[in-house]
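See below for the structure under consideration.
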Amino acid sequence: MRTTGLFRLGLAVYACLAAVALGAARVSAEPPAGARQAAPTLQTRIVSVRQLVPTAPAAGANDPGALVPGTESELLLEHLCVLRGNDDACIGVTSYDFTQSPVEILEATSDSASAQCGVDPLSHQARCAVHQAVGERYGLRLRIRIDPNARGSAAMKLSAQGNYTIEPDQLIFKLEPHVNVQIMQSPDPAPIFNGTGRAITESTLLVRNLGPSTLHDATVRETFSAQPLMKVALDEPSQQFCSGGGTAPFACTLGDLVPLQERRVRFKATLPDVVPTSESVGVVDVDGDIGALPPGTFQFIHFGQVYVGTLETPHEVGVLQQFDIPIRFRNATGAATAKAEAIPLKWKVTLAGGLQLTGVRGEWYGLRCTVLAHTVECETPDIASGCCSANSTLTVLAQQAGDYGVQLEWSTPAWGAGMQRYVIPAVDGGAAKRDAPAPRAATDPLQR
């Protein structure tokens, strides 16, 4: 970037040349007013405007392309000094200003010694002190930042002080918002007792705007494919901005989601009647002022086996604060199972990187476990003989803020196998920051 000293030097050069021209005018005869108006002038033309970052195709001076709210971009404006009179140079100062605009000019540099460019710290205008020979070109590179909330268009005003005019004197940039939305549901697949009408665990639907633009007037809707109909009960906080539920889809008004902001909806799903299929899906649709976004699809597993494994994960944890994850195997029938033969059960929990395992404790002395860096594998010789022979509790610590995946796998020779993935949000400062903009990892939680 050209220094402020060079910028001031350019202005001084222009002031000196202007003074010389003014003195010459005083000793000459003043031409009639009509002659002054008809006199030809020098002109600096903007011959092309290109967007360098992000990469975009070249555009003409009257069609500089579109800017994405929430991003930084670089513009290259090519200038040409055109002969319109008796002078042989364009001498003066050209100013560039996004007046009352969502666009901020951060940096201005030139690729030619004929233009000394910089950004005024008070007005935030870009200015170039110019001394161009006729036919000479120079390129002005502008680094700009666009407000993520911006919509419509942005106008750049151009003006010249000197012996030339600037054309065009205004550039209009279209604003095209772009949003990436992350949709997660925990657990996935969600376990449901088939036909008992009793909920196994709570599901959490998370919608996060990964940016770069703000999503205005965001809404989310989840529909369910289970037949007969699955029954959905929203928790009390979710009912404040959601409607529907029961045997109907639910819809929620999320409002404006700035980049990295999220909203969560919590509900319990049950099957009052026996569903003949072993699984169903929930389809999540997100909409906003820029139109519908790609939907998310999540599974619900309808368990008919006697024992079903679940993790009891917290809604949210603080960074570097220990928390427990109970592992429970539940009896779908509600009654003890009497079997003559022993039924062994094995389970495995996999923690995402960034979660530190600090302890494992079982509820039965016969539970045998192997603990590794990010996995715990346990087995019991006979789950049917006791109420808690497979249960255990993990104590875990999150090392930094982010969404962390935890996966439970279990299997028995009598009742088959199951698997669920859970997401645990870890934040700095606790639950008060749950719906506030905060940098979060955007990767697959189990791939951290």
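The values are calculated or read from the model by the stated rules, or taken from the named source; none is laboratory data. Treat the numbers as computed from the prediction; the structure is a model and nothing was measured. As a convention, Cβ positions derive from the backbone with ideal geometry for all residues, glycine included, and neighbour counts pool all protein chains shown. These area figures cover heavy atoms from the full protein model, side chains too; ligands, DNA and RNA do not enter into them. Shrake-Rupley method; radii C 1.70, N 1.55, O 1.52, S 1.80 Å.
Quick notes on this structure:
- With respect to (1) open to solvent by 60 Å² or more (accessible area, probe 1.4 Å); (2) at pLDDT 90 or above; (3) on the phi > 0 side of the Ramachandran plot, the lone exception for Gly429 is condition (2).
- Boolean, Ser95 is outside any strand (DSSP E or B), surrounded by 16 or more Cβ atoms within 10 Å (Cβ to Cβ) and touching an Asp or Glu at 6+ places or on another chain (Cβ under 9 Å): no
- Filtering Gly162, Gly197, Gly245, Gly255 for residues that are touching an Asp or Glu at 6+ places or on another chain (Cβ under 8 Å), of a type in the set (Gly, Ala, Ser) and surrounded by fewer than 22 Cβ atoms within 10 Å (Cβ to Cβ) leaves a single hit, Gly255.
- Annotation for segment 278-290: at least one member residue is over 25 Å from the mean Cα position of the chain (by Cα), open to solvent by 40 Å² or more (accessible area, probe 1.4 Å) and closer than 21 Å to Val181 by Cβ.
- In this structure, Cys388 does satisfy being modelled with pLDDT under 85 and either open to solvent by 20 Å² or more (accessible area, probe 1.4 Å) or touching a helix residue (DSSP H, G or I) at 6+ places or on another chain (Cβ under 9 Å) (or both).
- In segment 258-277, the qualifying residues are those that are open to solvent by 20 Å² or more (accessible area, probe 1.4 Å), within 20 Å of the chain's Cα centre (by Cα) and among the aliphatic types (A, V, I, L, M), and the one that is modelled with the lowest pLDDT is Leu260.
- Leu320 being farther than 23 Å from Ser203 by Cβ, part of a strand (DSSP E or B) and open to solvent by 30 Å² or more (accessible area, probe 1.4 Å): no
- Segment 293-317: number of residues that are part of a strand (DSSP E or B) and buried (at least 18 other Cβ atoms within 10 Å of the Cβ): 12
- Evaluation of Glu377 against the conditions (1) modelled with pLDDT of 80 or more; (2) crowded, with 21+ Cβ neighbours inside 10 Å shows that the sole unmet condition is (2).
- Among the strands (runs of 3 or more DSSP E) confined to segment 214-290, the ones with at least 1 residues that are of a type in the set (Asp, Glu) and within 19 Å of Phe193 (Cβ to Cβ) are located at 279-287.
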